[in-house]
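The values are calculated or read from the model by the stated rules, or taken from the named source; none is laboratory data. Just so we're clear, the structure is a prediction, and the values are computed from it rather than from any experiment. All Cβ positions, glycine included, derive from the backbone under ideal geometry; neighbour counts span all protein chains shown. With ligands, DNA and RNA removed, areas are computed over all heavy atoms of the protein, side chains included. Shrake-Rupley method; radii C 1.70, N 1.55, O 1.52, S 1.80 Å.
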Amino acid sequence: GVTIAQLGSLVFGSVEVIDYKTRDQKSSLFMEVRSKDQSTFPADPYGKTDFRRKENFVSMEFKDRRRTIAFSIAAAGPAPSFAGRIELADDPREDSIAITRPFKEPGQFFYENKIFGMPATGSLKMGDKTYTLPEGKSFAIFDWGRGIWPRESQWFWGQAAGVVDGRRVAVNLGHGYGDDSRGSANAILLDGKLYKLHRVDCRFDPAERMKPWTFASDDGALKLNFEPIYQQHSKQNIGLAAAELFKIHGWYSGTLVVDGKTLFVDRLLGFAEHMQQRW
């Protein structure tokens, strides 16, 4: 996971790596305080986004139907060094999710563009260990957004991507962040074409999130079981600001119905997360 963000006056870049086999999770970030009245970053998902501080940097650039992510963060305390370059195949002619949600208070909103199911190649080095993304088996999500948020909020978000019968398949599932009564972020992506879903019911045990989950759309187009393999949990509370994340990684299996035809999905790698925050 590679992030560049501006939250008010705080700007930061971060890199996170989870190794499912060794159950090893490492991350690092660097930050800077800037003016909260002006955006540090470009006003659209296709502009170059670059954040640097001393020897650390995270950069994202779109050119010639490719999105390049490059980063380097020096070791600091228990966090190892990170360096890498990842290429995403991002053809603007393919569909993606773009949605604006209002909140209850006037003037508050969230706009997001989720470009998902993108084939990824490249490598990264964490400390003295190198990870290479296998071509044809690696997929990425580009999650771009901006808004004026309420002090307290929460969301649910799920993603999965892979290859089924030689076709690129991805799903995006989400609700809870603002008013999405006029349109949700739920969708199936098949070979770059988007098929919108309305409501998707998510069922899980909040007391035991590593138990199996289920997802089902109200029109029957999506019926998926989710088998957790790794739980990522973080919690911060620094007085005026607090956040708690449960991000469950695992396998999605089940059926997707597209253009009247049923696609059987077996173990697409993805995640399901629940985020609560106050700032």
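What is the diffusion coefficient of the range 41-89 in µm²/s, taking the Kirkwood radius over Cα pairs and the Stokes-Einstein relation at 20 °C with a viscosity of 1.002 mPa s? Before the final figure, lay out the partial values.
Numbers: Rh = 11.9 Å.
D = 181 µm²/s.
For the chain, what % of the accessible area comes from carbon and sulfur atoms, probe 1.4 Å?
On the way: 7650 of 14970 Å².
C and S fraction of accessible area: 51 percent.
Let me test this: with uniform point scatterers at the alpha carbons of the range 22-170, what is the Debye-based log₁₀ I(q)/I(0) at q = 0.11, 0.12, 0.17, 0.18 1/Å?
Treating every Cα as an identical point scatterer, log10 I(q)/I(0) equals -0.55, -0.66, -1.26, -1.34.
Considering every pair of different Cα atoms, what Kirkwood radius, in Å, is found for the range 137-179? Before the final figure, lay out the partial values.
On the way: mean 1/r = 0.0777 Å⁻¹.
Hydrodynamic radius (Kirkwood, Cα pairs) of the range 137-179 is 12.9 Å.
Given a Förster distance of 35 angstrom, what is the FRET efficiency for Asp218 paired with Glu61, based on the Cβ-Cβ distance and rounded to 0.05? Write out the running numbers ahead of the final one.
Values: r = 39 Å, r/R0 = 1.12.
That gives a FRET efficiency of 0.35.
When the chain is fully extended, how far beyond the present Cα-Cα distance does Ser9 get from Ser81, taking 0.36 nm per residue of separation?
Numbers: separation 72, 0.36 × 72 = 25.92 nm, distance 2.57 nm.
Extending this stretch completely gives an extra 23.3 nm.
How big is the gap, in Å, between the Cα center of the range 220-265 and the Cα center of the range 56-127?
The distance from the Cα centre of the range 220-265 to that of the range 56-127 comes to 19 Å.
Averaging over all projection directions, find the projected area of the Cα convex hull of the range 163-255 and quote it in nm² with one decimal place. Intermediate results must be reported in sequence, preceding the final value.
Numbers: hull surface 31.2 nm².
Over every viewing direction, the Cα hull of the range 163-255 projects on average to 7.8 nm².
Figure the gain on full extension for Gln236 and Leu194 (residue separation times 0.36 nm, minus the Cα-Cα span) and round it to one decimal in nm.
11.5 nm
Please compute the contact order of the chain in relative form: average sequence separation of alpha-carbon pairs under 8 Å and at least six residues apart, divided by the residue count, as a percent.
Details: 680 pairs, mean separation 30.5, N = 279.
Here the relative contact order equals 11 percent.
Based only on the alpha carbon positions, what is the Kirkwood hydrodynamic radius of the chain, in angstrom? Please report the intermediate quantities before stating the final value.
On the way: mean 1/r = 0.0504 Å⁻¹.
Computed over Cα pairs of the chain, the Kirkwood hydrodynamic radius comes out at 19.8 Å.
Kirkwood Rh and Cα-based Rg: tell me the resulting Rg over Rh for the range 87-152, rounded to two decimals. Write out the running numbers ahead of the final one.
Values: Rg = 16.8 Å, Rh = 14.4 Å.
Rounded to two decimals, Rg over Rh is 1.16.
Evaluate Rg over Rh across the range 96-228, taking Cα atoms for both radii and Kirkwood's formula for Rh. All intermediate terms of the calculation are to be shown ahead of the outcome.
Working: Rg = 16.7 Å, Rh = 16.7 Å.
Radius of gyration over Kirkwood radius for the range 96-228 works out to 1.01.
Which trypsin sites (Lys or Arg not before Pro) from the range 86-131 combine a DSSP loop assignment with at most 14 other Cβ atoms within 10 Å? Provide the component values of the computation, followed by the final result.
Details: sites: Arg93, Lys104, Lys114, Lys125, Lys129; in loops: Arg93, Lys104.
When the trypsin sites (Lys or Arg not before Pro) of the range 86-131 are filtered for loop state and at most 14 Cβ neighbours within 10 Å, Arg93, Lys104 remain.
Keeping all protein chains in place, calculate the accessible area per residue for the chain (probe 1.4 angstrom), answer in Å². Mind dumping the intermediate values first?
Values: 14970 Å² over 279 residues.
Result: 54 Å² of accessible area for each residue.
What ratio of Cα Rg to 2.2 N^0.38 Å holds for the range 59-116? Numbers along the way, then the final one.
Working: Rg = 17.0 Å, N = 58, 2.2 N^0.38 = 10.3 Å.
Dividing the Cα radius of gyration by 2.2 N^0.38 Å gives 1.65.
Would you please give the FRET efficiency between Arg203 and Phe264, computed as 1/(1 + (r/R0)^6) with r the Cβ-Cβ distance and R0 = 22 Å, to the nearest 0.05? Could the numbers behind the result be given before it?
On the way: r = 21 Å, r/R0 = 0.96.
E(calc), rounded to 0.05, equals 0.55.
How far is it, in nm, from the label point at Ile148 to the one at Lys54 when both lie 7 Å from their Cα along the line to the Cβ?
In this crude label model, Ile148 to Lys54 measures out at 3.6 nm.
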